[in-house]
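**Student:** Here it is, the structure in full.
Rule-based calculations on the coordinates, nothing more; no lab input. Computed from a predicted model, the values in this text were never measured in an experiment. Virtual Cβ from ideal backbone geometry, glycine too; neighbours counted across all protein chains shown.
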Amino acid sequence: MTKQATPTLAASLVGMSVLRVDDIPLLTGAGAYVGDVNRPGQVWARIVRSEIAHGRLLRVDVEAARRSAGVVGVFSGSDTPDVRIPLRLEWAATEATRAALQPPLARDRVRYVGEPVAVIVATSQYAAEDAAELVVVEIEELPPLVETRAAAENAHTVLHQTVGGNIVNRLVFGYGDAEAATRSAAVVIRERMDIHRHTGVPLETRGLVAEYEPESGRLTVWGPTKVKHFNRSALSGLLDIDEGRIRYVETDVGGGFGVRGEFYPEDFVIPWLAIRLERPVKWIEDRHEHFVATNHSREQSHDIELAVAEDGRFLALRDRNWIDLGAYVRTHGLTLPVSTALHMSGPYAWQALEIDSSAVMTNKTPSGTYRGPGIVEATFVRERLIDRAAAELGLDPAELRRRNMVPVEALPQRIELGHGVVRFLDSGDFPDAWDTFLEQAGYDDLCAERDAARVRGEHVGVGLAAYVEHGAVGPYEQARIVPEPGGHFAVSVGVSGVGQGVRTVLAQVAAQELGVPLEDVTVSHHDTDTIPGGFGAFASRGTVFGGSAIMLAARDLHKRAAAAAASQLGVPADEVTIEGARASAKGRSVPLLELGCAGEGRFEKATTEASFGASLALVALDPGTGKIDVRRFIVAYDVGRAVNPELVIGQLVGAAAQGIAGALMEELPFDETGQPLCTSFVDYLMPTAADLPYIDALILEYPALGNPLGARGAGEGGIDGTGGSIANAVADALGAAGVEVRALPLRPEDVKRLIRLAAGE
């Protein structure tokens, strides 16, 4: 897609690929990441972490560390307040869920390798690291729980005694009579399927700088992004100080992907230290820490069953799954089982759906959300079974999916799944979107290319996946627009920036609605002092909620300005015309700045926006090495309305690249003692540009009805179908009946084994 120059006419802004205003400070060296923030008199913190997966914490001896050169203070769990990191998302939470929340520093027991046990504060980063080596941690080892299903069934080793077991919640979702629908089926596919543990691995690790002013009682925290207003509220409660005394400032971000910016133990410890020591405290996570301490994700095990009628109609989908939450329930609560259940049905119509989900505790790093949480996993297991059903029925996989898409006449559709979870499809046209995708992706041509390669003896396959993502989660976002000198407008909004270009998109919306050039708008979302509330950046919500709030604020500004100008010019308000930064009537005009008006906008929405997506992979397998060569990958996604198409393409391509890497390379395994086997980039395989195919991204636009912008989310759609389409392509390349792809990742050794099985060896 060709980028277009910044237009001068505001009416053309929304829908144009203007250059990112977010990039100017980064390209000119004016950007500031949390590592760039330094305060006068600051000291450095270093976290001492458990090297044992499970055990009773007998003693933390810090005396030698306390005497080390440059050390300002050493603190263990007994020195800190007895608090727990709170939930941000309360979906389906119970007392058992809350009983498994994490203390900032371990107190009586450690439950995973990497759990914070103590913290060193010193005058330099190196002095803190040296002193950390002197802390003696005595732990009486206990049997670790590593395998998810085994942990769920283990009644002898319990991670949290007050929970009463290792399942913190078992949730059943669904509708209809799945058992009866299955009995009437012509084809029933049953399978056990597994998705591995991995994580987002942003280029920039986590970090914090906290500064306390004793005279004013003011605490400022730099670094946390994504959900800064929640983090401020959480910290206020944990420290028992007024929220108004806490200021959060976003820095630039080197990648988020869901794992950065949540409230972690360090998000309490570092501000607490700043208050305790009355000095600025800085902490930057190293890469080893990142692999053992930052949220992991994805790890799930499924017993799934698909029932299909003789004519190909989907009857029932039944799934019993176990979702590994790791050692503690983190701020996301039960988002992973809830999101998995919500997205299991995909874009299809079912007579019945039954999802039985267990959230399981194990002695591994706690799990949270990672780009497309629950959607990637649900799409993988469902789409694999659909391909198998197509083979049983002798149907083309694309045709079987087409027959079962929710028809446009069934929309809007609202289905209660239980526990307050609602599958709501407001608008769109799934069958039309599917056909458009297949045509633009060249599905028939790629199938012909596959067939020709097979004649040459190559292992080549084509795989499809279709899905729906329920994004743009509320409940609200608010914005404020203030006229400034020189005809400029300052826009403040509560969303967060995690590198996705949100300032550019929101500036485009504001400039078009205000009727001014893009360069006359400045968007700010970095400071909690600027906007009193907001819900941040997650679930692809920034454009939908931030953009809609800005539209409402612009309209409110025009309304207020018209009333004020009418009074000043002596005319009725309906005779006032607002053009750019001036209000006019009967040949006279007045600058909006002189009217003293500001626009306020608050957009609220209880339901999500559902986006249709699809992906296609063409792969070739090397029998000698087991390497999977992804020759083509095409993703299509309905964004409702593309405010900036080039940024949408970037989001889809970047997400697809992450998904391909997750399906083929990235993995966080543990041994039987609970020791992580990947704690550096030597072990954790990430792709280079040479490992990835050229990724085609297709923008679909079926305007949403639930917001004034008509937009849907875009940030996660590219990743959702990667595992499903690549696994289907590999299975297609194998060709032999009975040789199934049941798990991710698809390692070279797995591919070689499957090729041997397909050859009858």
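**Student:** Using only the Cα atoms of the range 329-375, what semi-axes does the equivalent ellipsoid have when each is the square root of 5 times a gyration tensor eigenvalue? Give whole Å, largest first.
**Tutor:** The answer is 24, 12, 7 Å, longest axis first.
**Student:** Now for a different question. Provide 236, 540, 50 in ascending order of the number of other Cβ atoms located within 10 Å of each residue's Cβ, fewest first. Intermediate values should be presented prior to the final figure.
**Tutor:** Working: 236 16, 540 27, 50 22.
If I rank by nearby Cβ atoms, fewest first, I get 236, 50, 540.
**Student:** Specify the inter-centroid distance of the range 191-208 and the range 479-509, based on alpha-carbon positions, in whole Å.
**Tutor:** Spelled out, the Cα-based centre of one part sits 31 Å from the other.
**Student:** Most exposed first by the Cβ proxy, i.e. fewest other Cβ within 10 Å, how do 358, 524, 567 rank?
**Tutor:** The order, fewest Cβ neighbours first, is 567, 524, 358.
**Student:** If you average over every viewing direction, what projected area does the convex hull of the Cα atoms of the range 87-242 give, in nm²?
**Tutor:** For the range 87-242, the mean projected area of the Cα convex hull comes to 15.7 nm².
**Student:** Which order do the peptides 644-651, 462-469 take when ranked by the mean count of other beta-carbon atoms within 10 Å per residue, highest first?
**Tutor:** Those peptides, ordered most packed to least, come out 462-469, 644-651.
**Student:** Taking 25 Å as R0, compute the FRET efficiency from the Cβ-Cβ separation of residue 742 and residue 686 and round it to 0.05.
**Tutor:** 0.55
**Student:** Cα convex hull of the range 560-657: how many Å³ per residue?
**Tutor:** Roughly 176 Å³ of hull volume per residue.
**Student:** Give me the number: length gained by fully extending residue 140 to residue 396, i.e. 0.36 nm times residue separation minus the C-alpha to C-alpha distance, one decimal in nm.
**Tutor:** 86.4 nm
**Student:** Report the net charge of residues surrounding residue 461, where surrounding means a beta-carbon distance below 12 angstrom and charges are Lys +1, Arg +1, Asp -1, Glu -1.
**Tutor:** Counting the neighbours of residue 461, the net charge comes to -2.
**Student:** Calculated FRET efficiency, residue 133 and residue 287, Cβ-Cβ r, R0 22 Å, to nearest 0.05?
**Tutor:** E between residue 133 and residue 287, to the nearest 0.05, is 0.75.
**Student:** On to the next question. Working out 0.36 nm times the residue gap between residue 245 and residue 64, then minus their Cα-Cα distance, what length gain in nm do you get to one decimal?
**Tutor:** Result for the pair: 61.6 nm of gain on full extension.
**Student:** For the chain, what does the helix formula give at 222 nm: sum of -39500 (n - 2.57) over DSSP H segments with n ≥ 4, over the residue count, nearest 500 deg cm²/dmol?
**Tutor:** -8000 deg cm²/dmol
**Student:** Of 220, 488, 564, which is farthest on the positive side of the dipole of the chain, counting Cα position, with +1 on Lys and Arg Cβ, -1 on Asp and Glu Cβ, and the Cα centre as origin?
**Tutor:** Of 220, 488, 564, it is 564.
**Student:** Give, as ranges by residue number, the residues of the range 156-183 whose backbone N falls under 19 Å from the point 7 Å along Cα→Cβ of residue 94.
**Tutor:** 156-174
**Student:** Quickly work out the residue 179-to-residue 82 label distance, labels modelled 7 Å from Cα along the C-beta direction, and quote it in nm with one decimal.
**Tutor:** That separation, rounded to one decimal, is 4.6 nm.
**Student:** Under a crude label model (7 Å from the Cα following the beta-carbon direction), how far is residue 156 from residue 574 in nanometres?
**Tutor:** About 8.3 nm, to one decimal.
**Student:** Ok, one more. Could you give log10 I(q)/I(0) at q = 0.10, 0.11, 0.13 Å⁻¹ for the range 471-578, computed by the Debye formula over C-alpha point scatterers of equal weight, without solvent?
**Tutor:** With one equal scatterer per Cα and no solvent, log10 I(q)/I(0) is -0.30, -0.36, -0.49.
**Student:** Take each of the peptides 430-439, 146-155, average the number of other beta-carbon atoms within 10 Å over its residues, and list them starting from the highest.
**Tutor:** 430-439, 146-155
**Student:** Taking the Cα centre of the chain as origin, sum charge times position over the Cβ atoms of Lys and Arg (+1) and Asp and Glu (-1), and report the length of that vector in debye to the nearest 20.
**Tutor:** 860
**Student:** Can you give me the Kirkwood hydrodynamic radius for the range 222-276, using every pair of distinct Cα atoms, in Å to one decimal?
**Tutor:** Evaluated over the range 222-276, this radius sits at 11.6 Å.
**Student:** What base-10 log of the normalised intensity I(q)/I(0) is obtained for the range 638-735 from the Debye formula, alpha carbons as equal point scatterers, at q = 0.12, 0.24 Å⁻¹?
**Tutor:** Summing over Cα pairs of the range 638-735 leads to -0.55, -1.18.
**Student:** Consider all pairwise Cα distances in the range 240-374 and report the whole-number % of them above 19 Å.
**Tutor:** 63
**Student:** In addition: If you wrap a convex hull around the alpha carbons of the chain, what volume per residue comes out, as a whole number of Å³?
**Tutor:** Expressed per residue, the convex hull around the Cα atoms of the chain is 168 Å³.
**Student:** For the range 31-140, would you read off the P(r) tail past 25 Å as a percentage of all alpha carbon pairs?
**Tutor:** Counting pairs separated by more than 25 Å, the tail of P(r) holds 33 percent.
**Student:** Which ordering of 752, 226, 586, 364 is given by a fewest-first count of other beta-carbon atoms within 10 Å?
**Tutor:** Values: 752 17, 226 25, 586 10, 364 29.
Ranking 752, 226, 586, 364 by Cβ neighbours within 10 Å, fewest first, gives 586, 752, 226, 364.
**Student:** So, one more: Please report the relative contact order for the chain, taking Cα pairs under 8 Å with a sequence separation of at least 6, and give it as a percent rounded to a whole number.
**Tutor:** 16
**Student:** Now, a different point. Among 552-561, 445-454, how do they line up from the highest to the lowest mean number of other beta-carbon atoms within 10 Å? List each step's numbers first, then the result.
**Tutor:** Values: 552-561: 21.2, 445-454: 14.7.
For the peptides 552-561, 445-454, the packing ranking is 552-561, 445-454.
**Student:** Sticking with this structure for a sec: Under 15 Å from the 7 Å Cα→Cβ point of residue 108, by amide nitrogen: which residues of the range 141-160?
**Tutor:** Only 158-160 fall inside the zone, counting backbone N under 15 Å.
**Student:** Using the Cα centre of the range 386-441 as the reference point, and only Cβ charges (+1 on K/R, -1 on D/E), how large is the resulting charge dipole? Debye, rounded to the nearest 20. Could you put the intermediate results ahead of the total?
**Tutor:** Values: 6 positive and 11 negative charges, 53 e Å.
Magnitude of the dipole: close to 260 debye.
**Student:** Further question: Are there any helices in the chain, counted as whole DSSP H runs, that stretch 20 Å or more along their axis by Cα and score at least 0.5 on average by Kyte-Doolittle, and if so which? Write down the numbers at each step before the final one.
**Tutor:** Numbers: long enough: 375-393 (26 Å, 0.36); 548-569 (31 Å, 0.42); 645-664 (28 Å, 1.21).
Sorted by number, the helices that extend far enough and score high enough are 645-664.
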